[in-house]
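Asker: Can you keep this structure in mind? I'll have questions shortly.
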Amino acid sequence: MKNKTVAELRELAKKLGIAGYSKLRKEELLTAIAAARRPAAPKKPPGTTAPARKPATKTAAGAARPGAEKARPATVPAIPGVADEEQRIEGSKFAVAPLGEAAAARAYAEDVDENIEDLGTLAHAPRLSLLAQKPGVLYAYWRLPHGQFARQPGLRLRLGLVHDRAFHPQAEVALNGDQGGWYFHVNEDWHPEAVYLQLGYYDDSGAFIVAIDRGIVRLPRLFAASRYGVNWAVTSGEFSGIREDSGALGNQVPGGWPQGPSSYEHVSSHLMSSRGPRARDRN
Amino acid sequence: MLAKGYFSLVLHAHLPFVRHPEHDRFLEEDWFFEALTETYLPLLEVFEGLARDGVHYRVTMSLTAPLLSMMSDPLLQERYVRYLDERIEALEGEHKRTANDEYFRPVVEYYQHRFHRLREQYVDRYDCDAIRGFRTLMEAGHLEIITCGATHGYFPLLATEEESVYAQLSMAVRTHERLLGRRPRGIWLPECGYTPGVDRMLAEFGIDFFFLDSHGILDAQPPSRYGVHCPIRTPGGPAAFGRDYESSKQVWSAEEGYPGDALYREFYRDAGFDVDEPHIRKLRHAGIKTFTGLKYHRITGNTDWKEPYHPGWARDRAAEHAAHFLQNRQAQARWLRSQFDRPPIIVAPYDAELFGHWWYEGPQWIDFLFRKMAFDQSDVRAITPAEYLDRHGDLPIAQPPECSWGAGGYHEVWLNGSNDWIYPYLHAAAERMRALVQRFPDAQGDQRWALDQAARELLLAQASDWAFIMKTATSVDYAVRRTKTHLHRFRRLANMAEHGYYDREYLRAVSERDSLFPDMDYRIFRRGAWV
């Protein structure tokens, strides 16, 4: 490749659809061509039980991750996926190569006898957690004992509001493994302390049997109008972009779901036993 | 003469703990060496110059525990001298190469002079311990040094287990006291990540003040009539200072900010990628090209073509920009003072690495700014937040919302599709650590060793840098690797402590590598201050 003339490289760049090829120097052409030729990695199925990191998001930069999406050619002076200038500058203290330059894949020599991929199973006791991402978006994640998901089919996660001593479901998603997470959209007018999660399943009569539930710990102000006129709350439209970026998982139940009787006299936790789920105690 | 308003420059200096004794050289250690070369040592030189010349100035700096630890680590000190020597040697080669190049020869000579001076500063003046420089300035009263989270953990996403936040604060305060000889009066929350409740925790450690992004103050309940130009007192006790938006925009903004000026040095052009000669190839890591720090071009404009760097012109431009900045602060102070019943405080916080590393002329700009502030006007006076509190302690009480200074203003940088997978593991590990502390309140011998090391691993896993890198995709493989390594080690060590079987060889290997916090006590993972 290095032995080709600049003219030949430019021809090749043109064929590969690299922008601005006529202005690139030889080195830049070589880099851009190599990046354009790198094959995209097959997308990993989401929610695998191995603790792999999530598949490449749409906005991932190609430069540092081998096998990720195509790196942009050297002429484009912007880091893909980082719209914010401040963040780009903050990130510069970790930069070891110019933009668009592929950071070569490195082998990290293992010198301690350990397998860092072995992070163990997460849960001794099942757990639901809620984290705020920003006004308008909540992240919920679940951890079940190993194998529980397979033993109890039809597990679902519901987000709802508790008021008038009842749980009012707002959104629902099917689980796809012993552990996983989901981003929920949250309305501006919801009270943070009213937001609850339930994990459970529908029995034959259509009642939702709650196995674990979780109340909110804290939420950022859902609607914050600052003096600079910036409205931080996320609209539903913006939210679907967030959902897409995080990778689809599970089957979201479209629209309505069975409105089984659900009574919320009090909030309590029920652990799922390995012998099978029990119906929730009703007081 | 009473100034119309106060100006507080706050510099947050932080790098994650990267130290690999198992390799003779390691690429990511260069983050630290570059920051020393282009930010920390030049800033020290500027501050010492101001002190020597009797210029009134005040700077507040946070020096995080990992950074302090790296600065005081003998292995990294040695490797940094090697880093400097290698560049000095490479520059000799560059000098020969540019013998007939009238454009680049002066730049090479500029760097030769600079690197010799840096080496003198580091080896002769500080005896290879950069902390010495900061400490001297602190003791002379020019520099206020505040603390941060122990490993820069992002509190709002760790606070599901309060023990994690307490541990981050404990170890930070301890390290600060150990290496600087006094307790910190203020804190820079990692990424200004705040959630209600943190105020109460800070008070338990005797911390008087912290910082928030502008909307943290503006959206506090009830709203303060001073906006961001007076701190608020949180219900828990400490005061919160808000970032002044205008002074930030002047420096950070892509369109209007100073660092993008055509005469300033271009960050992305480096001899490591432009020059293919043996003396430059020697600087590569295992044949991989990286930044060498020898950057010869100026920004020139929004083009790929870059002109040679001219240090003198860049320096003059920095002086112009300093004057411009000061003028705006004067106008701002005068206007605000006319609206308030007290002098406003304009808080301008930045990542320290912006000055010098990203914006090469940044430290010079700071130098000019303080000199002009001291001699060319009297509207604005430099102050530290602590001094402001001492003078104006009666503050409006308000509770800030959960927020950060990250992109978007909340948590999405650290919680999104690229990095959300880490939180179930971090939370589970913190739960487990809490259980271990409760179960073994007084561990001794090997068990104590394993538990202390497990606590170190957990703190290292919590560094928000990893999630940040996963989002911004600069060295994702390294960040993922670090997260998994520390989580894995935590788990194995926790197992050892529980089962009573100690693999001493493994313990020793891990302790040698993850050697942060020599005075670790695993019991910091509890509710309530344990210092």
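Asker: Over all Cα pairs of region B:109-173, how is the pair count split among 10 Å bins, expressed in % and running from 0 up to the last occupied bin?
Answerer: All Cα pairs, binned at 10 Å, distribute as 19, 25, 25, 21, 9, 1 percent.
Asker: Separate question: Counting other Cβ atoms within 10 Å of each Cβ, which chymotrypsin sites (Phe, Trp or Tyr not before Pro) in region B:244-325 have at most 14 and sit in a DSSP loop? Walk me through the numbers on the way to the answer.
Answerer: Numbers: sites: B:TYR245, B:TRP252, B:TYR264, B:PHE267, B:TYR268, B:PHE273, B:PHE291, B:TYR296, B:TRP305, B:TYR309, B:TRP313, B:PHE325; in loops: B:TYR264, B:PHE267, B:TYR268, B:PHE291, B:TYR296, B:TRP305, B:TYR309.
Sparse-neighbourhood loop chymotrypsin sites (Phe, Trp or Tyr not before Pro): B:TRP305.
Asker: Counting other Cβ atoms within 10 Å, which trypsin sites (Lys or Arg not before Pro) in region B:164-247 have at most 16 and lie in a DSSP loop?
Answerer: B:ARG182, B:ARG225
Asker: Using a Förster radius of 25 Å, what is the FRET efficiency between A:ASP111 and B:LYS282 based on their Cβ-Cβ separation? Nearest 0.05, please. Mind dumping the intermediate values first?
Answerer: Working: r = 25 Å, r/R0 = 0.99.
Here the calculated transfer efficiency is 0.50.
Asker: Just for chain B, what percent of DSSP beta bridges are antiparallel, to the closest 5? Present the calculation step by step, with values, prior to reporting the outcome.
Answerer: Working: 8 of 35 bridges.
Taking every DSSP beta bridge within chain B, about 25 percent pair in antiparallel fashion.
Asker: Continuing with the same structure: Compute the distance in nm between two label points, each set 7 Å from the Cα along the Cα-to-Cβ direction, one at A:VAL6 and one at B:SER511.
Answerer: Those two pseudo-labels are separated by 6.0 nm.
Asker: How shielded is B:310-316 by partner chains, expressed as the average number of their Cβ atoms within 10 Å of its Cβ atoms? Kindly include the intermediate steps, with their values, before the conclusion.
Answerer: Values: counts 0, 0, 0, 0, 0, 0, 0.
Neighbouring Cβ atoms belonging to other protein chains average 0 per residue here.
Asker: Fully extended, how many nm does the chain gain between B:GLU177 and B:ASP101 (0.36 nm per residue separation, minus their Cα-Cα distance)? Could you put the intermediate results ahead of the total?
Answerer: Details: separation 76, 0.36 × 76 = 27.36 nm, distance 5.17 nm.
Fully extending the segment from B:GLU177 to B:ASP101 adds 22.2 nm.
Asker: With the cut-off at 1.5 for a/c, could you classify region B:423-514 from its C-alpha gyration tensor as rounded, prolate or oblate? If you can, show how the numbers build up before the last one.
Answerer: Details: a/c = 2.90, a/b = 1.76, b/c = 1.64.
Note, shape of region B:423-514 comes out prolate.
Asker: A further question follows. Taking the convex hull of the alpha carbon atoms in region B:166-241, what volume per residue do you get, in Å³?
Answerer: In region B:166-241, the Cα hull volume divided by residue count equals 84 Å³.
Asker: For a label point 7 Å from the Cα of B:GLN339 along Cα→C-beta, name the residues of region B:212-231 whose backbone N is under 17 Å from it.
Answerer: B:214-220, B:223-231
Asker: Another question, then. Please compute the volume of the convex hull spanned by the alpha-carbon atoms of region B:380-481 and report it per residue in Å³. The partial results should precede the final answer.
Answerer: Details: hull volume 23.4 nm³, N = 102.
Spread over its residues, the Cα hull of region B:380-481 gives 230 Å³ apiece.
Asker: Please label the shape of region B:23-182 as rounded, prolate or oblate, based on the square roots a ≥ b ≥ c of the eigenvalues of the alpha-carbon gyration tensor (a/c under 1.5 means rounded; beyond that, a/b larger than b/c means prolate, else oblate). Before the final figure, lay out each step's value.
Answerer: Values: a/c = 2.50, a/b = 1.65, b/c = 1.51.
It is prolate, given that a/c is not under 1.5 and a/b is the larger ratio.
Asker: To continue, here is another question. With a cap of 16 neighbouring Cβ atoms within 10 Å, and only residues DSSP puts in a loop, list the trypsin sites (Lys or Arg not before Pro) found in region B:1-94. If you can, show how the numbers build up before the last one.
Answerer: Values: sites: B:LYS4, B:ARG19, B:ARG25, B:ARG52, B:ARG58, B:ARG79, B:ARG82, B:ARG87; in loops: B:LYS4, B:ARG19, B:ARG25, B:ARG58.
In loop regions of region B:1-94 (DSSP not H, G, I, E or B), the sparsely surrounded trypsin sites (Lys or Arg not before Pro) are B:ARG25.
Asker: For the residue pair B:ASN495 and B:GLU92, what label-to-label distance in nm results when each label sits 7 Å from Cα along the Cα-to-beta-carbon direction?
Answerer: 5.3 nm
Asker: In addition: What FRET efficiency would be calculated for the residue pair A:TRP190, B:ARG117, taking the C-beta separation as r and a Förster radius of 56 Å, to the nearest 0.05? Show your work: numbers first, answer last.
Answerer: Working: r = 59 Å, r/R0 = 1.06.
Once rounded, the FRET efficiency stands at 0.40.
Asker: If you don't mind, another one. What shape does region A:118-169 have by the C-alpha gyration tensor, where a ≥ b ≥ c are the square roots of the eigenvalues, rounded means a/c under 1.5, and otherwise prolate means a/b greater than b/c and oblate the rest?
Answerer: oblate
Asker: Just to be sure I follow the definition: excluding the sites themselves, where is the longest run in chain B that has none of the GluC sites (Glu not before Pro) in a DSSP loop with at most 12 other Cβ atoms within 10 Å?
Answerer: On the way: sites that count: B:GLU102, B:GLU255, B:GLU256.
Value returned for the longest uninterrupted segment is B:257-531.
Each value in this text was obtained by applying a stated rule to the coordinates, not by laboratory testing. All values reported here derive from a predicted model rather than from experimental measurement. Heads up, the Cβs are rebuilt from the backbone with ideal geometry, glycines too, and the neighbour counts pull from every protein chain shown.
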